[in-house]
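Novice: One structure, as structure tokens, below. Some questions next.
The values are calculated or read from the model by the stated rules, or taken from the named source; none is laboratory data. Keep in mind it's a predicted model, so treat the numbers as computed, not measured. Please note: Cβ atoms are built from the backbone with ideal geometry, for glycine as well, and neighbour counts cover all protein chains shown. Note: accessible area is taken over every heavy atom of the protein model, side chains too, but ligands, DNA and RNA are not part of it. Shrake-Rupley method; radii C 1.70, N 1.55, O 1.52, S 1.80 Å.
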Amino acid sequence: MTMLRGFLVLVLFFILGESMRVLLALPVSGGVLGMVVITFTLMVKGSVSDDLASASQGLISVLVLLIMPGVVGVFFTADQFSGQWLAVAAALLVGTFLSVLTTLLLMKLVTERGEQHRE
Amino acid sequence: MSELFSRLGVLADTLAATPILAIGLTLGAFFAGNWLFARIGRPLWLPPVLLSACLLSGVIAILAVDYQAYQQGARWLTVLLGPATVALGIPLYQQMHHIRAMWRPIVVTLPIAATLAAVYALVIAWALGATPEVLASLAPKSVTAPIAIGITEQLGGSVPLMMGGLLITGVVATLFVDLLARLLPVTDERILGFALGLNGHAIGTARAFEISHTAGAFASLGMGLTGVFTAMILPLVFHL
């Protein structure tokens, strides 16, 4: 019961996010808009109910389950892109390596600089 | 005997007409993947999502389930991605004090890293002769699935290819974060979490929650911000 009550809150914020997306013609998905709005709402409210906390924890723990059906699709449409696999693989592997490196270095650099600044 | 066979045929049709078969298969593969993952000693390079997806594809192929029909049925699960994305706001709120303390590195890193995540992949794929459709499918590779689907459709890419790219990106981003964290070295959980979410979307975020709640919150933040930022920037950049 309590978890369902929290789920209802999440669904309502998702519907709110979708409404914003459609009515304001935003290029961002309703889920992300809902996430932004619920975060601000909680900041204003100053606390989060147990119902909502347990519902969100439950959903986050099965995030992988929810993306699986989409992932499976690649195995069934693979032959459409034959001849491009080298480009795809290189872009994903090398590209991701470079972007992870960039993120870590940038974060490290700016954080350390900020800490030195404070000292 | 032939009576039984015809009834078996009817049974298959009856089950295939409802989403319950697709839901059962997906749930079954999810738990089987997790079980197998624990049994083979939790290797980082083979996360549960990849195991489960391979199992599920195998079963769908063997049972000769129509992929489109499966996808239709599985919508009962995938529709929950919306509320699940909203749910990421809760750890974000709970960890707000950590995030406030890190606002400067986040504001500096996010636009640069999120843009480069797409640009690196696009330049490499383009140099190796990928078609515009493939490029459009690769561009949102670091963006969480519900947003990435919207971006790819807008750019004219293939959603299944994009999802495959997303999966591989999530897996290798998790690997590279672990590897580079040791080489550089970076030990700050907040930085690791942010890098996991920014580059590895939901898969990276799932991994970050394994590290700690704080890393998970930073991953949610990285994932959310990357999603919003990329969704707004990419359609503009891509048309240049």
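Novice: Are there trypsin sites (Lys or Arg not before Pro) in the range B:1-76 that DSSP marks as loop and that have at most 11 other Cβ atoms within 10 Å, and which are they? Show your work: numbers first, answer last.
Specialist: Details: sites: B:Arg7, B:Arg39, B:Arg75; in loops: none.
When the trypsin sites (Lys or Arg not before Pro) of the range B:1-76 are filtered for loop state and at most 11 Cβ neighbours within 10 Å, nothing remains.
Novice: Whenever you get a sec, compute what percent of the accessible area on the protein assembly as shown sits on carbon and sulfur atoms (1.4 Å probe). Display every interim value, and only then the final one.
Specialist: On the way: 11520 of 16590 Å².
The computed percentage sits at 69.
Novice: Okay, next question. Return the Rg/Rh value of the range A:30-79, two decimal places, where both radii are evaluated on C-alpha atoms and Rh is the Kirkwood radius.
Specialist: Working: Rg = 16.0 Å, Rh = 13.3 Å.
Rg/Rh for the range A:30-79 comes to 1.20.
Novice: Could you go through the range B:113-129 in sequence order and give the Karplus-derived ³J(HN,Hα) for each residue, using 6.51 cos²θ - 1.76 cosθ + 1.60 with θ = phi - 60°, rounded to whole Hz, and x for Gly and Pro?
Specialist: 5, 5, 5, 5, 3, 7, 5, 3, 5, 5, 5, 4, 5, 5, 4, 8, x
Novice: What's the ranking of A:12-25, B:200-213 by average number of surrounding C-beta atoms within 10 Å, highest first? Show your work: numbers first, answer last.
Specialist: Details: A:12-25: 16.1, B:200-213: 24.3.
Highest-to-lowest ranking by the protection proxy: B:200-213, A:12-25.
Novice: Provide, in order from the shortest bin, the percent of all Cα-Cα pairs of chain A in each 5 Å bin, continuing until the bin that contains the maximum pair distance.
Specialist: For chain A, the pair-distance distribution reads 2, 9, 9, 12, 12, 14, 16, 14, 8, 4, 1, 0.
Novice: Through the Karplus equation 6.51 cos²θ - 1.76 cosθ + 1.60, θ set to phi - 60°, convert the phi angles of the range A:36-52 into ³J(HN,Hα) values in whole Hz; use x for Gly and Pro.
Specialist: Values per residue, Gly and Pro as x: 4, 5, 5, 4, 5, 4, 5, 5, 5, 6, x, 7, 10, 6, 4, 3, 5 Hz.
Novice: Mind pulling the angle between the C-alpha long axis of helix B:20-39 and the longest principal axis of chain B? Nearest 10 degrees, somewhere in 0 to 90.
Specialist: Relative to chain B, helix B:20-39 is tipped by roughly 60 degrees.
Novice: In the range A:1-68, how does Rg compare with the Kirkwood Rh, expressed as the Rg/Rh ratio over alpha carbon atoms? Could you put the intermediate results ahead of the total?
Specialist: Values: Rg = 12.7 Å, Rh = 12.7 Å.
Reported Rg/Rh (Cα atoms, Kirkwood Rh): 1.00.
Novice: On a 0 to 90 degree scale, rounded to 10, what angle separates helix B:48-62 from the longest Cα axis of chain B?
Specialist: 30
Novice: Ratio to report: Rg/Rh of the range B:40-168, with Cα atoms as the point set and Rh obtained by the Kirkwood method; give two decimals.
Specialist: Working: Rg = 17.8 Å, Rh = 17.5 Å.
Value, to two decimals: 1.02.
Novice: I would also like to ask the following. For the protein assembly as shown, what are Rg and Dmax over the alpha carbons, in angstrom?
Specialist: Spelled out, the Cα radius of gyration and Dmax of the protein assembly as shown are 20.5, 85 Å.
Novice: Spelling out what I want: for every residue of the range B:136-152, take phi, set θ = phi - 60°, compute 6.51 cos²θ - 1.76 cosθ + 1.60 (Karplus), and round to whole Hz; glycine and proline get x.
Specialist: Result, ordered by residue: 5, 7, 8, 3, x, 5, 9, 9, 5, 3, x, 7, 4, 4, x, 5, 4 Hz.
Novice: Further question: When the expected Rg is taken as 2.2 N^0.38 Å, what fraction or multiple of it is the alpha-carbon Rg of the range B:2-79?
Specialist: Working: Rg = 14.8 Å, N = 78, 2.2 N^0.38 = 11.5 Å.
My calculation over the Cα atoms of the range B:2-79 gives 1.28.
Novice: I've got another one for you. Can you list, bin by bin at 5 Å, the percent of alpha carbon pairs in chain B, starting at 0?
Specialist: Result returned by the calculation: 1, 6, 12, 16, 17, 16, 13, 9, 5, 3, 2, 1, 1, 0, 0.
Novice: Here's another thing I want to ask about it. Using a probe radius of 1.4 Å on protein heavy atoms only, what is the accessible area buried between chains B and A, both sides summed, to the nearest 100 Å²? Mind dumping the intermediate values first?
Specialist: Numbers: alone 13840 and 9930 Å², together 16590 Å².
Separately minus together, B and A give about 7200 Å² buried.
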